[in-house]
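Asks: Here you go, one structure.
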Amino acid sequence: MTLWGGRFADGPDATLWAFTTDDSDRRLLEVDIRGSIAHAMMLGATGIIGEDESADLVNALERLLADARDGTFEFAEGDEDVHSAVERRLGELVGPLAGKLHTGRSRNDQIATDLRLYLIEAGRERISRIHALVGQLVEMAERHLEVVIPTYTHLQQAQTTVLGDHLCAYAWMLLRDVGRFTDCLARVSESPLGAGASAGSSLPLDRKATAEALGFDRVMSNTLDAVASRDFVAEYAFSATQTMLHLSRLAEEIVLWTTSEFGWARLADSVATGSSAMPHKKNPDIAELVRGRSATAVGAITAIAGLQKGLPLTYNRDLQEDKRIIFSVDDILAGSLDAMGVLLAGLTFDPPTPRAETTSLDLADVLVGRGVPFREAHEIVGRVVRKLEEEGRAFSEVTDGDLASVDDRFQPGDAAVADPTESVRRRAVTERVREQIGEIRARLSP
Ligand code: ARG
């Protein structure tokens with residue numbers, strides 16, 4: 001059913017009807033009904049409608065809410081959107097009284113209210129899933145506090161650290177994502193309800209009461225802003241997409257780590273996939289799909305930005321499209337968080353020792369400790385690297401004699417620094433990672 005018609009002599013053209021309706025807003029069914037319950041209660045409490053009328057509306061809406069929750073709410077072919085569907089069902093239950101529900105309200109403030117309520121709940125749920133993944137990462141980090149690995153810059157071995165440190169890096173990224181979601185939700189938590197079509201109502205609505213009943217932090221003061229703004233959707237999309245980008249980077253590393261070339265990690269059979277052609281293959285498809293789906297998330301940011309650009313105040317039907325966009329990125333995030341949790345649980349690490357060259361900076365620091373300017377120390381260690389290369393020897397074979405032959409400020413025993421395990425020990429990496437794990441855990445359960 002439509003919520004308009006009086007001024008139209010003809011019904012809508014079928015092709016155009018199909019073009020304008022979009023059932024993606026059906027996901028808002030529950031929040032839409034809850035919004036209506038708060039509105040109907042307020043209409044009764046303020047005397048805008050009778051107390052008994054309000055009670056009858058609320059009772060019927062509670063029934064519809066139960067139907068929505070158990071999946072038995074039935075949409076009809078002709079429902080223009082979720083709001084129309086609820087009003088139609090309400091009419092089937094209470095007759096003409098249903099016509100009083102929309103008093104002092106428009107679909108413009110209603111849809112903004114619905115989407116805000118939906119995103120507050122979805123956002124809280126995503127935060128708890130991100131927390132779970134962070135918890136899993138620090139547990140893995142704790143189990144790999146002594147496993148020496150190279151760091152990479154330019155995808156070339158750079159310095160040494162332990163695997164726990166690398167895993168904690170992702171935990172920190174994801175914690176910042178939680179921070180972004182939290183900041184974003186504080187702005188989502190403002191009530192547009194009562195803004196009406198754009199400039200409020202002549203009826204004595206109690207906007208504070210509906211905002212409180214729905215759990216919003218405050219009422220949006222400007223009614224034009226309330227119905228026209230979608231920066232809250234854009235912020236949510238960015239929070240979700242940045243989280244996806246972090247997951248995608250981790251996914252990319254899992255793809256690399258499980259190659260025969262890297263040989264850092266193995267995937268359990270349950271988290272890998274096979275090839276229809278090559279019997280030997282064991283592929284990291286889950287990681288690839290997380291990486292691939294993040295492309296759609298990146299597109300969502302552009303889409304929601306584009307939707308707002310050049311849109312005059314206040315509500316324009318363009319805004320209907322925000323739902324498709326935000327639901328798709330949010331679904332991708334929820335699915336990817338779950339999948340990454342399972343994937344990480346199926347990963348076993350056994351990385352090879354880093355190349356000895358990863359200690360070159362530590363060797364330069366030895367000279368710096370003896371007063372040599374860093375630039376000069378860098379040059380000297382560079383010469384040691386070149387000497388060994390010219391002699392066809394590995395950096396791991398460097399001796400105190402090699403060092404002394406390049407610079408007399410080297411001392412006996414310095415060659416021992418050129419060992420990745422020693423390098424990690426000298427920088428107390430394991431202790432630092434233990435501290436990080438403590439800090440991260442403290443943030444998980446403040
Ligand atoms: N389906 C619309 C949306 O998602 C609901 C609001 C429609 N308002 C209107 N004036 N046509 O934005």
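Asks: What percentage of the solvent-accessible surface of region 63-214, computed with a 1.4 Å probe over protein heavy atoms, is contributed by carbon and sulfur atoms?
Replies: On the way: 3060 of 6130 Å².
Carbon-and-sulfur percentage of accessible area, whole number: 50.
Asks: Name the longest site-free stretch of the chain, where the excluded sites are GluC sites (Glu not before Pro) in a DSSP loop with no more than 13 other beta-carbon atoms within 10 Å. Write down the numbers at each step before the final one.
Replies: Values: sites that count: Glu74, Glu77, Glu146, Glu261, Glu391.
Of all site-free stretches, the longest is 262-390.
Asks: I've got another one for you. Which FRET efficiency value, to the nearest 0.05, do you get for Thr353 and Leu203 by plugging their Cβ-Cβ distance into 1/(1 + (r/R0)^6) with R0 = 56 Å?
Replies: Details: r = 75 Å, r/R0 = 1.34.
My answer for the efficiency is 0.15.
Asks: Once you have the Cα-Cα distance between Ala76 and Thr296, take 0.36 nm times their residue separation minus that, and quote the gain in nm to one decimal. Display every interim value, and only then the final one.
Replies: On the way: separation 220, 0.36 × 220 = 79.20 nm, distance 3.10 nm.
Length gained, Ala76 through Thr296: 76.1 nm.
Asks: Can you list the residues of region 244-264 with backbone N under 14 Å from a point 7 Å past the Cα of Ser275, pointing along Cα to Cβ?
Replies: Counting only backbone N, you get 259-261.
Asks: Carbon and sulfur together cover what percent of the accessible area of region 400-446 at a 1.4 Å probe radius?
Replies: Carbon and sulfur together cover 50 percent of it.
Asks: Evaluate Rg over Rh across region 314-446, taking Cα atoms for both radii and Kirkwood's formula for Rh. Spell out each step's value before the answer.
Replies: On the way: Rg = 25.1 Å, Rh = 19.5 Å.
Rounded to two decimals, Rg/Rh equals 1.29.
Asks: What is the set of long-range amide H partners of Ser191 at a cut-off below 5 Å, with H atoms built 1.01 Å from backbone N?
Replies: Excluding prolines and chain starts, which carry no amide H, the hits are Arg218, Val219, Met220.
Asks: Could you tally the net charge around Arg249, taking each other residue with its Cβ under 14 Å from the Cβ of Arg249, Lys/Arg +1 and Asp/Glu -1? It would help to have the intermediate numbers written out before the result.
Replies: Details: positive: Arg176, Arg291, Arg293; negative: Asp177, Glu252, Glu253, Glu288.
That works out to -1.
Asks: Keeping all protein chains in the complex and leaving out DNA, RNA and ligands, what accessible area do you get for Tyr118 with a 1.4 Å probe, in Å² to the nearest 10?
Replies: 40
Asks: Can you spot the lysines whose alpha carbon is less than 24 Å from Lys309's alpha carbon? Ignore those fewer than 8 places along the same chain.
Replies: Reachable lysines: Lys323.
Asks: Residues of region 335-367 with amide nitrogen under 12 Å from the 7 Å Cα-to-Cβ point of Asp407?
Replies: Residues 361-367 qualify, since their backbone N sits under 12 Å from the label point.
Asks: Can you compute the modelled spin-label distance between Ser445 and Ala305, with each label point 7 Å from Cα toward Cβ, in nm?
Replies: 4.1
Asks: For a quick check: with amide H placed at 1.01 Å from N, whose amide H comes under 5 Å from Gly346's, ignoring anything fewer than 5 positions away on the same chain?
Replies: Under 5 Å from the amide H of Gly346 lies no amide H from a residue far enough along the sequence or on another chain.
Asks: Multiply the residue separation of Asp67 and Glu397 by 0.36 nm, subtract the distance between their alpha-carbon atoms, and state the gained length in nm to one decimal. Mind dumping the intermediate values first?
Replies: Working: separation 330, 0.36 × 330 = 118.80 nm, distance 7.40 nm.
Gain on extension, Asp67 to Glu397, equals 111.4 nm.
Asks: Leaving out ligands and nucleic acids, note down the accessible area per residue over the chain with a 1.4 angstrom probe, in whole Å². Provide the component values of the computation, followed by the final result.
Replies: Details: 21020 Å² over 446 residues.
I get 47 Å² per residue for this part.
Asks: To continue, here is another question. Among Gly91, Gly104, Leu115, pick out the residue whose Cα is farthest towards the positive end of the charge dipole of region 77-116, where Lys and Arg carry +1 and Asp and Glu carry -1 on C-beta, about the Cα centre.
Replies: Result: Gly104.
Asks: At 0.36 nm per residue, minus the direct Cα-Cα distance, what do Lys282 and Phe19 gain on full extension? Give it in nm, one decimal, please. Don't skip to the answer; put the middle values down first.
Replies: Details: separation 263, 0.36 × 263 = 94.68 nm, distance 4.44 nm.
Full-extension gain reported as 90.2 nm.
Asks: Also: Have a look at Arg218, Arg355, Arg317 and tell me which one the Gaussian network model of the chain (Cα, springs below 10 Å) gives the largest fluctuation.
Replies: So, out of Arg218, Arg355, Arg317, the one fluctuating most is Arg317.
The values are calculated or read from the model by the stated rules, or taken from the named source; none is laboratory data. Model, not experiment: these values are computed from the prediction. Please note: Cβ atoms are built from the backbone with ideal geometry, for glycine as well, and neighbour counts cover all protein chains shown. These accessible areas exclude ligands, DNA and RNA; they are computed on the full protein's heavy atoms, side chains included. Shrake-Rupley method; radii C 1.70, N 1.55, O 1.52, S 1.80 Å.
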